[in-house]
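Let me begin by presenting the structure, written as structure tokens, before commenting on it.
We did not get these values from a lab; they are worked out from the coordinates using the rules stated. A quick note: this is a predicted structure, and the numbers were derived from the prediction, not measured. A quick note on method: Cβ atoms are made from the backbone with ideal geometry, for glycine too, and the neighbour counts reach across all protein chains shown.
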Amino acid sequence: MEDDFIDRCEETVVHPDIVAELKEKMLKEDEAYNLSEFFKIFGDNTRIRIIQLIALRELCVCDIATILGITQSATSHQLKILRQFGVAKPRKEGKMMYYSISDEHVHDIFFNGLSHINE
């Protein structure tokens, strides 16, 4: 019966060669931490929407705020977080600050994720 299935091994290590190989390939603790922190950036609806906008076109803070219907202060706060994690890059022109996506990796992560949820 399927209900009787227990998800545990009777042996400690069944495939020692595979275990050894994968142990060598495992992320270091700091790498795993940094990667999990990076993905937390994508865990906020406002930041996701900002990422989409600046992935499509370079925009100033006031235009982002207007499109999203939030304050410029709230927009700046989210952009600060995106800058800290290397997701958004600023460009100053006079007194205006413009933002775009930092690189193609971030662009790909966002649009691959979007594609995945829309499958």
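For segment 11-117, the Kirkwood hydrodynamic radius from C-alpha pairs, put into Stokes-Einstein at 10 °C and a viscosity of 1.306 mPa s, yields a diffusion coefficient of 100 µm² per second. Among Thr71, Thr12, Thr46, the largest mean-square fluctuation in a Gaussian network model of the chain (Cα springs under 10 Å) belongs to Thr12.
Annotation: the residues His116, His77, sorted from fewest to most other C-beta atoms within 10 Å of their own C-beta, follow the order His116, His77.
Here the 3J(HN,Hα) profile of segment 37-47, calculated from phi with Karplus coefficients 6.51, -1.76 and 1.60 at θ = phi - 60°, is 5, 4, 6, 4, 4, 7, x, 10, 4, 5, 4 Hz, Gly and Pro shown as x. With a cap of 11 neighbouring Cβ atoms within 10 Å, and only residues DSSP puts in a loop, list the GluC sites (Glu not before Pro) found in segment 7-106. Passing both the DSSP loop test and the Cβ count: Glu10, Glu11. How far, in degrees from 0 to 90, does helix 104-117 lean away from the longest principal axis of the Cα atoms of the chain, to the nearest 10? Taking the Cα atoms of the chain, the angle to 104-117 is about 70 degrees. Between the helical axis of 16-25 and the longest alpha-carbon principal axis of the chain there is an angle of about 20 degrees.
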